[in-house]
Amino acid sequence: MKSLLILFSYHHNNTEKIAKVFAKVLDAQIKTPRQISPEELQGYSLIGFGSGIYGEKHHISLLDLADKLPQVTNKEAFIFSTSAIMGKAKVAQDHSLLREKLQSKGYMIVDEFSCKGFNTNSFIKFFGGMNKGRPNAEDLKHAEEFAQNLKQNAHGS
């Protein structure tokens, strides 16, 4: 199974920490949206799309890439993120725009992952931020289990 992770992570590199765990388990490359051309994706059987959550959605560079993707048939993908605030409904909402864009292009979303990330956006930076130390060892362990599950259940393997 040939895997690729498309990642945008910059504030505290929270999402990059998760992506590195995925990359190790899946033997995947990590590229930014700017480092990839939509045509390159044809050579991969599993593609992960991830970033931090900004204003309740993935980073604009990832969303713009999704808009430029060519139509595919049942190509497997997964979505991941780190965010200040968690909860099943919150994650589903945060991932909804990227999920819709990918599904409209023919991607089959096989799973989704999210965990807390250290956040110093807006006024909370004056109070030391929130979720200091996240993602932590437990989050990284969950990321590894998630990736192992993807590896076992992916159809391209």
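The values are calculated or read from the model by the stated rules, or taken from the named source; none is laboratory data. On a predicted model such as this, the values are computed, not experimentally measured, just so you know. Cβ: placed from backbone, ideal geometry, glycine included. Neighbour counts: every protein chain shown. In case anyone asks, the SASA skips ligands and DNA or RNA and just uses the protein heavy atoms, side chains included. Shrake-Rupley method; radii C 1.70, N 1.55, O 1.52, S 1.80 Å.
At a probe size of 1.4 Å, how large is the accessible area of residue 45, to the nearest 10 Å²?
Counting only protein heavy atoms, residue 45 exposes about 40 Å² to solvent.
Tell me which trypsin sites (Lys or Arg not before Pro) from segment 1-97 have a DSSP coil assignment and no more than 16 other beta carbons within 10 Å of their own.
In loop regions of segment 1-97 (DSSP not H, G, I, E or B), the sparsely surrounded trypsin sites (Lys or Arg not before Pro) are 2.
Could you run the Karplus curve 6.51 cos²θ - 1.76 cosθ + 1.60 with θ = phi - 60° over segment 64-73 and give me ³J(HN,Hα) per residue in whole Hz, x for Gly and Pro?
5, 4, 4, 5, 8, 5, x, 5, 10, 10
Excluding residues fewer than 8 places away in the same chain, name every one of the lysines whose C-alpha is closer than 30 Å to that of residue 105.
2, 17, 20, 24, 31, 57, 68, 75, 88, 90, 116, 151
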